[in-house]
Every structure is written in C-alpha cells, then in structure tokens.
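Written below as structure tokens is the structure these notes are about.
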Amino acid sequence: MNIKNYKTIIKSSYAVLMAWGLLCLCPCMLTSCSEADDTVNEYENWQQRNETFFAARYQEAKDSIAAGKSNWQLVRVYSKLSDDICSPTDYVIVHKATPAADSGAAQYITTGETPEYTDSVQLHYRGRLMPSVSYPDGFQFDATWYGDYDLNSMIPQNMKVAGLVVGLSSAIMQMHVGERWEVCIPYRLGYNTADIADIPPYSTLIFDVTLHAIGKPGSVLPAVR
C-alpha cells in the first residue's frame, strides 16, 4: 500500500468516526435543550409580581373592612405614628381565624393582654411566600409544626418580639394570647432586598401564626413539652 492510499484510508476512517460521534451526541444535545425549555424560573419578575400580589390583598382587606367584616385588619408598622402619612406598604394585612370553625384555635382561652416590643413570646407559625408556578399555596420556608393544626401536639417556639422582622413584630404586638392570624407582610417590612436562604429578594411574607404565651422582661416563659 502506498502512502497516498494509506492517507486516504485514514481520512475516511476519521470521517466515519466523526459522523458516528455526532450521532451519539445528538440525543444528549436534544435532551439538554428539552430540559432547558422545561425549566421553570420560579422568581421571574419577582418584585413586580409581589407588589401586584400585595396590592390586591391590601384592596381585598380594605373592601372587607368597609363591608363590616371584623376578621380583617390593617396593622400599621409600629415605627409610624398615627398622624404620619402612610402608604399601603406601611401596613401588614391580617386575616383572623374564626375559632368556631377552627377546633384547634378554640382550645385557647383568649386573653386581653398583648405583647410589647421588649417582651418574649411563644409562637406557633408557618411562613411561606406568595403563590408561584411550582408552589400554588406558596413555598413554605419555615415552620414550627407540620401536618394538621393540632394544639395538643404542636410545640411553640420561644422568640423575642424585637428579633422578628418589622412587619411580623408589628402584627404580634396587636395579638392576644390564643388568637390565630394570617399575616401578609410587604417585602419592605420583611427582608426587603436581602437574599435570605430560601427567601429571595422582594418577597412578600405570609405567616400563619398563633400567639401561645407572653413573657415580660425578667420573667420565664412556660416550659415547652
């Protein structure tokens, strides 16, 4: 075999190998593209979506209050005085559970006392984000209980009112022991633009929270079982 024929055979073999390699790669390339197309951007336009969501909930609360529904309340952030000019995002939205329809909440005897900023509290809570594509009820980022709401098995968390995000502490200071509230907090009264673990910037925070006990400075909160 002369050198010319040998080179021709080498080139042909190389071409066959390249063609075979491309055929093998094509399914992978197509799969990769397909997977990319199916990827859900959970937080696309997240700031705008959260602002729209909170504005709608704020209007729902205002309309419900105007209609005389006592289980809705707008709580002004504690840093704003009564005569300050406030915008909707200076408020948290409260939707109160109705004990008659909630056997768990009905186990409590509601007291007239409310926490102060310097107090400690025991809370049952679940925190979630606004609804999104993969989480129609909102992604749950924290909780003190799982499963059904059952005060006989739930264990409260000891916390300081001053250590909570501004929106939640503002709501907690209006609660009575035994009350269960859903608290919707605009991102400016939550973590604002900070990226906190599973909570992206500009996130509305929604808490299902029950006030279990109040502890004054120097006092001891009830032991949790």
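The values are calculated or read from the model by the stated rules, or taken from the named source; none is laboratory data. Predicted model, so just to flag it, every value in this text is computed and none were measured. With ideal geometry, Cβ positions are generated from the backbone for all residues, glycine too; neighbour counts draw on all protein chains shown. Heads up: the accessible areas ignore ligands, DNA and RNA and are worked out on the full protein's heavy atoms, side chains in. Shrake-Rupley method; radii C 1.70, N 1.55, O 1.52, S 1.80 Å.
Mind checking which strands (runs of 3 or more DSSP E) fall wholly inside region 69-180 and carry at least 2 residues that are closer than 29 Å to Val220 by Cα, modelled with pLDDT of 95 or more and among the β-branched types (Val, Ile, Thr)? Give the steps one after another, and end with the answer.
Values: elements: 72-76, 91-96, 120-128, 140-143, 157-160.
Ranges flagged: none.
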Next on the checklist: Please go through region 166-185 and give me each residue that is open to solvent by less than 30 Å² (accessible area, probe 1.4 Å) and closer than 16 Å to Phe139 by Cα, ordered by number.
Outcome noted: Val183, Cys184, Ile185
Item to check | Pairs, first touching a residue at least 40 places away in the same chain (Cβ under 8 Å) in region 148-159, second of a type in the set (A, V, I, L, M, F, W, C) and loosely packed, with under 15 Cβ neighbours inside 10 Å, C-beta under 8 Å, six or more apart | outcome: Ile155/Val224; Pro156/Val224; Asn158/Val224
Checklist entry - What number of residues within region 181-206 are more than 9 Å from the chain's Cα centre (by Cα), in a strand (DSSP E or B), of a type in the set (A, V, I, L, M) and modelled with pLDDT of 95 or more? => result 2
Next on the checklist: Taking the criterion of being without any contact (Cβ under 8 Å) to a residue 40 or more places away in the chain, more than 11 Å from the chain's Cα centre (by Cα) and open to solvent by 60 Å² or more (accessible area, probe 1.4 Å), would at least one residue in region 128-141 satisfy it?
Outcome noted: yes
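In the set Thr193, Thr210, Thr204, which member is within 24 Å of Arg49 (Cα to Cα) and open to solvent by less than 70 Å² (accessible area, probe 1.4 Å)? Walk me through it before giving the result.
Details: Thr193 fails: open to solvent by less than 70 Å² (accessible area, probe 1.4 Å); Thr210 fails: within 24 Å of Arg49 (Cα to Cα).
Within the list Thr193, Thr210, Thr204, the selection yields Thr204.
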Checklist outcome for this item: A careful count of residues in region 168-218 that are without any contact (Cβ under 8 Å) to a residue 24 or more places away in the chain and either hydroxyl-bearing (Ser, Thr, Tyr) or in contact with a Cys (Cβ under 8 Å, 6 or more places away or on another chain) (or both) gives 1
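Before we move on, is Glu60 within 20 Å of Ser132 (Cα to Cα), assigned to a loop (DSSP other than H, G, I, E, B) and either open to solvent by 70 Å² or more (accessible area, probe 1.4 Å) or at pLDDT 50 or above (or both)? Give the steps one after another, and end with the answer.
On the way: within 20 Å of Ser132 (Cα to Cα): yes; assigned to a loop (DSSP other than H, G, I, E, B): no; either open to solvent by 70 Å² or more (accessible area, probe 1.4 Å) or at pLDDT 50 or above (or both): yes.
No.
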Checklist entry - Taking region 187-212, which residues are farther than 20 Å from Glu116 by Cα, polar (S, T, N, Q) and touching a Gly at 6+ places or on another chain (Cβ under 9 Å)? => result Ser203, Thr204
Checklist entry - Checking Leu211 against (1) more than 17 Å from Tyr149 (Cβ to Cβ); (2) hydrophobic (A, V, I, L, M, F, W, C); (3) assigned to a strand (DSSP E or B), which test does it fail? => result (1)
